[in-house]
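The values are calculated or read from the model by the stated rules, or taken from the named source; none is laboratory data. The shown structure was predicted, so the numbers you read here are calculated from the model rather than taken from an experiment. All Cβ positions, glycine included, derive from the backbone under ideal geometry; neighbour counts span all protein chains shown.
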Amino acid sequence: MDEIIEIWDESGKPTGTSASKSEAHKHGWFHPTIHLWLYTRTGQVLLQKRAARKDTFPGLWDVSVAGHILDGETPMQGVLRETQEEIGLLLEPKQLEFLGRFTSEQNHPGGIIDREFQYVYLAELPVPIKKLTINPEEVAALELRSTLRLAEELWGLAAPANYVPHSRAYYKSVFKSLQSRI
């Protein structure tokens with residue numbers, strides 16, 4: 001099923017129109033998405049390996065949860081829904097902390113032009129990883145990685161090609177926030 005999402009203008013304001021996700025990607029229309037970074041008090045971050053069938057960045061490691069905000073949803077509703085859909089985790093709004101909104105523009109094989117306003121959240125992982133249930137259509141695997149190892153790999157010292165790329169400002173903001181909580 002192709003999700004119906006809101007279309008936004010370049011400044012991040014809703015246009016009052018909606019379209020299927022595939023149409024938005026075909027035409028390069030801006031739209032809102034969510035990212036959730038789950039961390040542990042022991043200095044680890046939960047990563048997901050994207051399913052091989054994904055249209056964008058198949059098989060690469062990414063944030064704990066990522067997805068599109070559906071037409072009519074708030075970013076908070078979207079992050080709660082996506083978290084339950086992708087990894088089977090029910091969270092309450094009070095468990096999430098809004099980190100910020102970032103803009104991302106990426107071109108992908110197959111003519112996909114992905115232009116997003118990403119609403120980024122942080123939350124402490126409230127259960128052991130073995131209690132999570134992945135949706136195989138979305139996620140191939142989950143793994144906890146130390147923030148130090150992750151930072152080294154993402155900043156280009158080891159294996160940046162294994163991860164979905166995000167801007168330097170995005171990673172800097174995420175890691176600064178994670179460091180203050182761990």
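Search region 34-51 for residues being buried (at least 22 other Cβ atoms within 10 Å of the Cβ) and β-branched (Val, Ile, Thr), and hand back the single one that is modelled with the lowest pLDDT.
The qualifying residue modelled with the lowest pLDDT is 45.
Residue by residue through region 1-57, note down the ones that are among the polar types (S, T, N, Q) and free of Cβ contacts under 8 Å to residues at least 12 places away in the same chain.
Result: 11, 15, 17.
Return only the number of the condition from (1) under 17 Å from residue 8 (Cβ atoms); (2) in a loop (DSSP other than H, G, I, E, B) that residue 25 does not satisfy.
Against the list (1) under 17 Å from residue 8 (Cβ atoms); (2) in a loop (DSSP other than H, G, I, E, B), residue 25 comes up short only on (2).
Can you tell me which residue in region 52-69 is surrounded by the most Cβ atoms within 10 Å (Cβ to Cβ), limited to those that are over 14 Å from the mean Cα position of the chain (by Cα) and under 18 Å from residue 2 (Cβ atoms)? Even if it seems obvious, please write down each step before you answer.
Keep residues of region 52-69 that are over 14 Å from the mean Cα position of the chain (by Cα), which gives 52-53, 55, 59.
Checking which are under 18 Å from residue 2 (Cβ atoms) leaves us with 53, 55.
Details: 53: 11, 55: 14.
The residue in question is 55.
With the condition being within 14 Å of the chain's Cα centre (by Cα) and crowded, with 18+ Cβ neighbours inside 10 Å, I'd like the strands (runs of 3 or more DSSP E) fully within region 82-182 carrying at least 3 qualifying residues. I'd like the intermediate steps shown before the answer.
On the way: elements: 97-108, 112-124, 139-146.
Filter on region 82-182 gives 112-124.
Of everything in region 52-73, what is of a type in the set (A, V, I, L, M, F, W, C), assigned to a strand (DSSP E or B) and modelled with pLDDT of 95 or more? Give them in sequence order.
Across region 52-73, the qualifying residues are 65, 66, 70.
Which count do you get for residues in region 1-33 that are surrounded by fewer than 16 Cβ atoms within 10 Å (Cβ to Cβ) and of a type in the set (A, V, I, L, M)?
Residues flagged as surrounded by fewer than 16 Cβ atoms within 10 Å (Cβ to Cβ) and of a type in the set (A, V, I, L, M) within region 1-33 amount to 2.
State yes or no: is residue 27 over 17 Å from residue 139 (Cβ atoms) and either at pLDDT 95 or above or touching a Pro at 6+ places or on another chain (Cβ under 9 Å) (or both)?
Working: over 17 Å from residue 139 (Cβ atoms): yes; either at pLDDT 95 or above or touching a Pro at 6+ places or on another chain (Cβ under 9 Å) (or both): yes.
Taking the combined requirement at face value, the residue satisfies it.
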